[in-house]
Amino acid sequence: MRGFWKLALTELKLYIREPIASFFTLAFPIMLLVLFGNIYGNKPNAFFGGLGFVDTSVPAYTAIIIGTTGLISLAISVASQREKGVLRRYKATPLRPLAFLGAQVITLYLMTAGGMVLLILTGKILYHLRFAGNVLNVWTGFTLSCAAFFALGFVLAGLMPTARSAQVAAMILYYPMMFLSGAAIPREVLPAGVRSFAKFLPMTPVVNLLRGLWNGDGWTGHGGDVLFLAGITLVFSLIAARTFRWE
Amino acid sequence: MSDQPVIRISGLRKTYGDLAAVDGVSFEVRRGEIFGLVGPNGAGKTTTIECLEGLRQADGGEIQVLGLDPRRDGPALREKIGAQLQESALPDRIRVWEALDLFASFYAHSVPWEPLLEQLGLSEKRNAAFGKLSGGQKQRLFIALALVNDPALVFFDELSTGLDPQARRSMWDFIRAVRSAGKTVFLTTHYMEEAERLCDRVAVIDHGRLAALDTPENLIRGLGAENRVVFSTEAPVDPGMFRALPGVTRVEPVGERTIVYGRDDRLVVEVVNALSLDRIKFRDLRTEQADLEDVFLALTGREMRG
Ligand SMILES: Nc1ncnc2c1ncn2[C@@H]1O[C@H](COP(=O)(O)OP(=O)(O)OP(=O)(O)O)[C@@H](O)[C@H]1O
Ligand SMILES: [Mg+2]
């Protein structure tokens with residue numbers, strides 16, 4: 001795994017220097033939270049099972065961040081590095097494909113976690129965000145969700161020939177999920193028909209799992225979500241390993 | 001071991017569909033030489049070099065590079081070679097020093113990169129982003145990257161593309177210093193002057209086949225090309241007066257200029273003597289020797305390639 005840590009550090013710096021990617025990962029979710037938090041506040045509400053708007057939105061917006069880094073940033077970044085010939089240059093060195101992929105994963109994981117932490121801090125400071133869960137459980141659920149979305153992103157990056165087509169494909173998958181899975185709009189306000197369709201979108205188990213764990217659920221009620229996400233991780237990692245190309 | 005050739009290929013073949021881009025090329029590269037590969041666009045230079053680097057899979061033939069087969073021992077081979085590719089890139093926002101630091105970390109053994117930056121005239125650009133470098137600066141950075149692992153053998157595909165005339169000349173000195181440090185250099189170029197001045201031996205390939213391989217001097221001598229003496233006079237001179245001179249093969253009057261072709265090394269002396277004897281005033285007299293460019297054109301023709 002020689003080169004892995006240095007590459008991860010370099011990728012992290014490059015991610016932060018990319019204004020659009022860091023805006024959507026770090027700033028955009030906070031803007032959403034402040035915008036709607038100021039409208040709806042965070043008073044306990046029977047509509048959200050006794051929780052406030054912000055209490056349900058922080059874990060739900062975390063799902064948006066995971067989608068942004070995993071699907072959009074990852075697919076575009078890997079596809080564009082391949083298109084421009086950056087990966088060709090790596091291929092001429094002893095760097096192993098696994099070290100390259102690992103460095104992407106750790107960078108995106110840290111950026112996603114950073115986005116979530118900023119969101120939580122904003123919630124705490126401005127809206128007295130409540131937390132009824134177990135930190136380890138939430139962290140585990142977050143990690144599993146990241147794994148599933150990163151695997152999806154790698155498959156997109158492998159299948160799409162150019163950065164442009166990777167971007168288009170990622171957007172086509174991302175936007176319906178963002179609005180229908182309960183990530184951007186609370187699932188409580190979505191019509192039943194939409195909700196039964198949204199069950200099949202990979203972002204839905206992320207929202208359900210994170211909201212549940214955040215507010216004190218155990219794992220037992222979320223077996224379906226865990227199975228769904230673990231299955232995506234496994235299947236799409238295998239596909240990604242077969243479709244990854246340096247050029 | 002040290003007398004073993006560094007590269008040995010025999011019958012190298014690489015096809016893309018119906019096209020045989022490299023069609024049975026064989027040669028050896030010796031330890032410590034600067035070996036040049038020249039040929040028209042599409043001749044198969046990049047394909048050959050990338051089969052040697054293990055970036056492309058050859059379809060046939062035997063390949064040994066530093067005693068390894070690039071098709072089997074790719075990772076081990078890439079530890080020991082350096083490569084500047086004809087086409088590649090780095091992330092736009094990576095800084096020059098970060099790129100060197102990053103690439104150095106990929107190898108089991110690497111050298112400090114500050115001296116490389118210095119030698120390649122990039123010290124002032126160490127904090128510049130790759131995307132903000134000029135074409136020639138990018139090229140020099142890629143050359144530095146090819147050397148961070150202190151390779152025994154280094155490949156440069158189109159060494160001086162994008163370099164201005166000064167930079168090209170200092171690049172030649174730099175490459176000679178790389179060779180003096182004990183490395184073997186394999187390069188391709190479209191500048192025949194570069195191949196002639198820099199390379200110990202030059203291979204000419206065309207349509208995927210080897211057309212010639214020798215030292216630049218032998219290639220030029222082998223062409224048996226004529227030297228030329230060119231000069232201008234006030235009034236046209238009678239071409240007949242040169243035809244009888246020893247070694248002259250033909251005379252070509254072009255307006256007020258006259259070109260005398262010949263094979264004799266004393267050609268210029270004979271021509272000047274003849275002019276002085278007849279008290280003909282001349283100016284702008286120069287001699288033109290056959291060079292590698294003539295060899296190249298004689299071997300590969302003059303028409304543009306696809
Ligand atoms: N990946 C590829 N797929 C299909 N054909 C290719 C590919 N790479 C090269 N070729 C073809 O193989 C032939 C040799 O190409 P190559 O790049 O080796 O030439 P070259 O000598 O390096 O030319 P240049 O001086 O223009 O760089 C060309 O006809 C080219 O079109
Ligand atoms: Mg080429």
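The values are calculated or read from the model by the stated rules, or taken from the named source; none is laboratory data. Model, not experiment: these values are computed from the prediction. Heads up, the Cβs are rebuilt from the backbone with ideal geometry, glycines too, and the neighbour counts pull from every protein chain shown.
Filtered by the rule that a residue be of a type in the set (D, E, K, R) and farther than 29 Å from B:LEU299 by Cβ, the range B:224-279 gives B:GLU234, B:ASP238, B:ARG243, B:GLU256, B:GLU270, B:ASP278, B:ARG279.
Count of the range B:76-111 residues, restricted to those that are more than 7 Å from chain A (Cβ to nearest Cβ), surrounded by 23 or more Cβ atoms within 10 Å (Cβ to Cβ) and more than 16 Å from B:LYS125 (Cα to Cα), is 3. Considering B:ILE49, B:ILE63, B:ILE81, the condition of being touching a residue at least 40 places away in the same chain (Cβ under 8 Å), assigned by TED's automatic domain parsing to the domain that holds B:VAL25 and within 12 Å of ligand 1 (Cβ to nearest atom) is satisfied by B:ILE49 alone. Is it the case that B:GLU124 is without any contact (Cβ under 8 Å) to a residue 24 or more places away in the chain and within 13 Å of chain A (Cβ to nearest Cβ)? For B:GLU124, the condition - without any contact (Cβ under 8 Å) to a residue 24 or more places away in the chain and within 13 Å of chain A (Cβ to nearest Cβ) - is not met.
Scan the range B:213-227 for residues that are within 16 Å of ligand 1 (Cβ to nearest atom) and either modelled with pLDDT under 95 or in a loop (DSSP other than H, G, I, E, B) (or both) and report the count. Explain how you work it out, then say what you get.
Initial filter on the range B:213-227 (within 16 Å of ligand 1 (Cβ to nearest atom)): B:213.
Going one step further and asking which of them are either modelled with pLDDT under 95 or in a loop (DSSP other than H, G, I, E, B) (or both), we end up with none.
Summing the residues that are within 16 Å of ligand 1 (Cβ to nearest atom) and either modelled with pLDDT under 95 or in a loop (DSSP other than H, G, I, E, B) (or both) in the range B:213-227 gives 0.
Residues in the range B:211-236 that are crowded, with 16+ Cβ neighbours inside 10 Å and either among the β-branched types (Val, Ile, Thr) or within 16 Å of ligand 2 (Cβ to nearest atom) (or both): B:ILE220, B:VAL229, B:VAL230, B:THR233.
On the given criteria, is A:ALA241 within 23 Å of A:LEU159 (Cβ to Cβ), out of contact with any strand residue (DSSP E or B) (no Cβ under 6 Å at 6 or more places or on another chain) and modelled with pLDDT of 95 or more? No; evaluated as a whole, the condition is false for this residue. For the range A:192-233, what are the residues that are of a type in the set (A, V, I, L, M) and free of Cβ contacts under 8 Å to residues at least 24 places away in the same chain? Matches in the range A:192-233: A:ALA192, A:VAL194, A:ALA198, A:LEU227. Inspection of the range B:47-65 identifies no residue that is within 16 Å of ligand 2 (Cβ to nearest atom), touching a helix residue (DSSP H, G or I) at 6+ places or on another chain (Cβ under 6 Å) and within 25 Å of A:LEU14 (Cα to Cα). Cβ separations smaller than 8 Å between residues 6+ apart or across chains give the following pairs from the range B:251-263 residues that are within 9 Å of B:GLU226 (Cβ to Cβ) to residues that are surrounded by fewer than 15 Cβ atoms within 10 Å (Cβ to Cβ): B:TYR261/B:THR249; B:TYR261/B:ARG250; B:TYR261/B:GLU252; B:GLY262/B:THR249; B:ARG263/B:GLY224; B:ARG263/B:THR249.
Where helices (runs of 4 or more DSSP H) fall entirely within the range A:1-91, none has at least 1 residues that are touching a Cys at 6+ places or on another chain (Cβ under 9 Å) and within 14 Å of chain B (Cβ to nearest Cβ).
Before we move on, is B:GLN119 more than 10 Å from every other protein chain (Cβ to nearest Cβ), touching a residue at least 40 places away in the same chain (Cβ under 8 Å) and buried (at least 16 other Cβ atoms within 10 Å of the Cβ)? The answer is yes for B:GLN119.
Scanning the range A:196-247 for residues that are among the aromatic types (Phe, Trp, Tyr) and closer than 30 Å to B:LEU55 by Cβ yields A:PHE236, A:PHE244, A:TRP246.
Please determine whether any residue of the range B:55-75 is at pLDDT below 95, over 25 Å from the mean Cα position of the chain (by Cα) and within 9 Å of chain A (Cβ to nearest Cβ). Yes - at least one qualifying residue is present in the range B:55-75. Tallying residues that are modelled with pLDDT of 95 or more, within 24 Å of B:ALA181 (Cα to Cα) and of a type in the set (Ser, Thr, Tyr) within the range B:105-164 yields 4.
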